[in-house]
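Visitor: Below you'll find the structure I mean.
No value in this document is a laboratory result; all are computed from the given coordinates. Source: prediction; values computed, not measured. With ideal geometry, Cβ positions are generated from the backbone for all residues, glycine too; neighbour counts draw on all protein chains shown.
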Amino acid sequence: MLSSIARANNRTGRLRSTGTTEMTGKDSIPRELIEIRNRIDEIDQNIIELLHERFKVTHEVGLLKAEREMSSQDAQREEQKLEALGALSESHKLEPTLVRELFRRIMEEVVRNHERIKMES
C-alpha cells in the first residue's frame, strides 16, 4: 500500500507530492481527490508565504511607530480594516465572521510584535 504524502522540498520549501495512494475496496482514494489535495497543499503554502510577507511589512510599521513613539495599536484602523475585510469576504462568498476572526488574531499578534519592538528600542 503506497500513500500520497506532501513533503517539503528542501531546496524551495514548497510542498510536493511523493506518489499516489493505491488501496483496494472502500479505502481507495481517487486520483482526483489526491490532485485536489495537492492543490490545497499549494494554496496553504501560498497562504503561509503571504502571511510571512505581511509580518515582514508590519515589522517595518512597528519600527516606524517605535521611532516616532506612536501607539502600537490603532483601534480605529483595525476596525476599518476588519469591516473592509468582512465586506471583501462576502463578495467572495466567504463567511465574514470567520475572516474577521482570522484577521483579528493576526492583528493581535502584530500589536504584540510592535510592543516587543518598542521595548527593544
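Visitor: With charges only on Cβ, +1 for K and R and -1 for D and E, what is the dipole size of segment 30-120 about its Cα centre, in debye, rounded to 20?
Guide: Once rounded to the nearest 20, the dipole reads 80 debye.
Visitor: Once you order the gyration tensor axes a ≥ b ≥ c over the Cα atoms, which shape class does segment 30-120 get: rounded for a/c under 1.5, otherwise prolate or oblate by comparing a/b with b/c?
Guide: Taking the square roots of the gyration eigenvalues as a ≥ b ≥ c, segment 30-120 is oblate.
Visitor: Which number gives the lysine pairs in segment 23-121 that have C-alpha atoms under 27 Å apart and are eight or more places apart or on different chains?
Guide: Eligible lysine pairs with Cα atoms under 27 Å apart amount to 7.
Visitor: Each residue of segment 87-103 in order: what ³J(HN,Hα) in whole Hz does its phi give by Karplus 6.51 cos²θ - 1.76 cosθ + 1.60, θ = phi - 60°, with x for Gly and Pro?
Guide: Karplus-based 3J(HN,Hα) across segment 87-103 equals 5, 4, 5, 4, 5, 9, 6, 10, 6, x, 5, 4, 4, 4, 4, 4, 6 Hz.
Visitor: What net charge is computed for the residues neighbouring residue 98, neighbours being all others with C-beta under 14 Å from the C-beta of residue 98, Lys and Arg scored +1, Asp and Glu -1?
Guide: +1
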